[in-house]
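Here the structure comes first, spelled out in structure tokens, and everything after it is commentary.
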Amino acid sequence: MKTKVLIGILGISLLLTGCGEVSKLKNGEEVVAKLDGKTITADDLYKELKSKGGSSILVNLIDQFIADKELETTDEMKQNAESDYNTYKTQYESYGQDFDEVLKSSGYADKQEFIDELILSEKKEELAKKYLKEEITDNEINAEYQNNIFGEMTVRHILISPDTTDDMTEEEKETKEEEAKKKAEDLIKQLDQGADFATLAKENSDDEGSKEDGGLVSDFTKDSVVESFWNASMNLKDGEYTKEPVESDYGYHIILRVSQKEKPKLEDVKDDILTDLADQKLQEDYTLIDKTWVTIRKKYKLNIEDSELKDGYQEIINSIDAN
């Protein structure tokens, strides 16, 4: 539900009572509109709006308050929102649509209102992660530390990439794949015969970022390289190189392990572990942000007094649990 709608609904009374002369009925209800044979009051309008998504509007207001209370709107959040806005704008305009009109038809008054909602969305995700981290157990932390935390690795490697293009047939691509693998195998034979690894990397590697330094890749972690590259590096001893090409999406690698640092202490990587575990939980369950926000609102002692809005909020919770 959009921010402008939230402000509009809850601001009706303020607008009617705080600006100029306001007509009132005998029971004190503010008049919103009059026409022949009908008087519409603020209470009439409120009841109608409440029955049409009022609970969602209320939840959004509550979440905005909590998010702003717990998290400052940073420059990075503003930049992220601006970047996301530009991405959406580019996508819609690529289909010939006016993005300003798209926003208006979606209920946004202007660009800033859309950006504000993007910022709220980022805050909600960040705050959900914060609360999820508090629920992660020591057993989960220790298991992650034992199974997935390693010392930084340094290797040299030679990458041979298949010379393929998008307009090739599958048969042509397979031929290029075979040629790349064969070249990698030939380079391994040269290493077996005593060739210098760094020299071969400079002369043959397709990794422009490392070839001039003899294929050196320093101090990388498990998460910073593809799985096959990491696993092959781990299975080597210092000074050993792979006897078979290691395949990845980039092509075929020949890897020479140089060294590996000691595993960092748990206290030095605990925050990173918590972040990784929270991210994993969110990836495994796309409803987890919404579920966590139900818990967050409970911690703020949310109590919805209006029975209709309360029932509507329970329906929202039920729909989350059903997914």
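The values are calculated or read from the model by the stated rules, or taken from the named source; none is laboratory data. Because the structure is predicted, anything quoted here is derived from the model rather than measured. Glycine gets a Cβ as well: all are built from the backbone with ideal geometry, and neighbour counts include every protein chain shown.
Would it be correct to say that Asp167 is of a type outside the set (Val, Ile, Thr), under 38 Å from the mean Cα position of the chain (by Cα) and part of a helix (DSSP H, G or I)? Steps first, answer last, please.
Numbers: of a type outside the set (Val, Ile, Thr): yes; under 38 Å from the mean Cα position of the chain (by Cα): yes; part of a helix (DSSP H, G or I): no.
Considered against the rule, which asks whether it is of a type outside the set (Val, Ile, Thr), under 38 Å from the mean Cα position of the chain (by Cα) and part of a helix (DSSP H, G or I), Asp167 comes out as no.
Just checking, how many residues over region 207-237 are assigned to a helix (DSSP H, G or I) and among the small types (Gly, Ala, Ser)?
So in region 207-237, the residues assigned to a helix (DSSP H, G or I) come out as 211-213, 222-224, 227-234.
From what is left, the residues that are among the small types (Gly, Ala, Ser) are 224, 228, 232-233.
Count: 4.
For region 93-113, the condition holds for at least one residue, the condition being that it is in contact (Cβ under 8 Å) with a residue 60 or more places away in the chain, in a helix (DSSP H, G or I) and on the phi < 0 side of the Ramachandran plot. Restricting attention to region 235-259, the residues that are touching a Ser or Thr at 6+ places or on another chain (Cβ under 7 Å), among the polar types (S, T, N, Q) and either loosely packed, with under 14 Cβ neighbours inside 10 Å or outside the structural domain of Lys176 (by TED's automatic domain parsing) (or both) add up to 1. Kindly evaluate Leu58 against the criterion of being surrounded by 14 or more Cβ atoms within 10 Å (Cβ to Cβ), touching a helix residue (DSSP H, G or I) at 6+ places or on another chain (Cβ under 8 Å), without any contact (Cβ under 8 Å) to a residue 60 or more places away in the chain and in a helix (DSSP H, G or I). In short, no. Here Phe220 fits the description: over 30 Å from Lys173 (Cα atoms) and either modelled with pLDDT under 95 or within 26 Å of the chain's Cα centre (by Cα) (or both).
From the set of residues in region 305-320 that are out of contact with any Leu (no Cβ under 7 Å at 6 or more places or on another chain) and among the aliphatic types (A, V, I, L, M), which is nearest to Tyr286 (Cα to Cα)? Restricting to residues being out of contact with any Leu (no Cβ under 7 Å at 6 or more places or on another chain) and among the aliphatic types (A, V, I, L, M), the top hit is Ile320. Listed conditions (1) modelled with pLDDT under 95; (2) in a helix (DSSP H, G or I); (3) surrounded by 11 or more Cβ atoms within 10 Å (Cβ to Cβ) are all met by Ile304, apart from (2).
Would you check which residues across region 118-141 are over 21 Å from the mean Cα position of the chain (by Cα) and touching a residue at least 40 places away in the same chain (Cβ under 8 Å) and list them? Explain how you work it out, then say what you get.
First, the residues of region 118-141 that are over 21 Å from the mean Cα position of the chain (by Cα): 137-141.
Once the filter is applied, which keeps residues that are over 21 Å from the mean Cα position of the chain (by Cα) and touching a residue at least 40 places away in the same chain (Cβ under 8 Å), region 118-141 yields Glu140, Ile141.
Residues that are of a type in the set (Asp, Glu) and part of a helix (DSSP H, G or I) within region 174-199 comprise Glu174, Glu177, Glu178, Glu179, Glu185, Asp186, Asp192, listed in sequence order.
A quick yes/no check of all residues on (1) touching a residue at least 40 places away in the same chain (Cβ under 8 Å); (2) closer than 28 Å to Ile273 by Cβ; (3) touching a Pro at 6+ places or on another chain (Cβ under 8 Å):
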| residue | (1), (2), (3) |
| --- | --- |
| Gly151 | yes, yes, yes |
| Val155 | yes, yes, no |
| Asp167 | no, no, no |
| Leu200 | yes, no, no |
| Asn204 | yes, no, no |
| Lys237 | no, yes, no |
| Lys243 | yes, no, no |
| Ile255 | yes, yes, no |
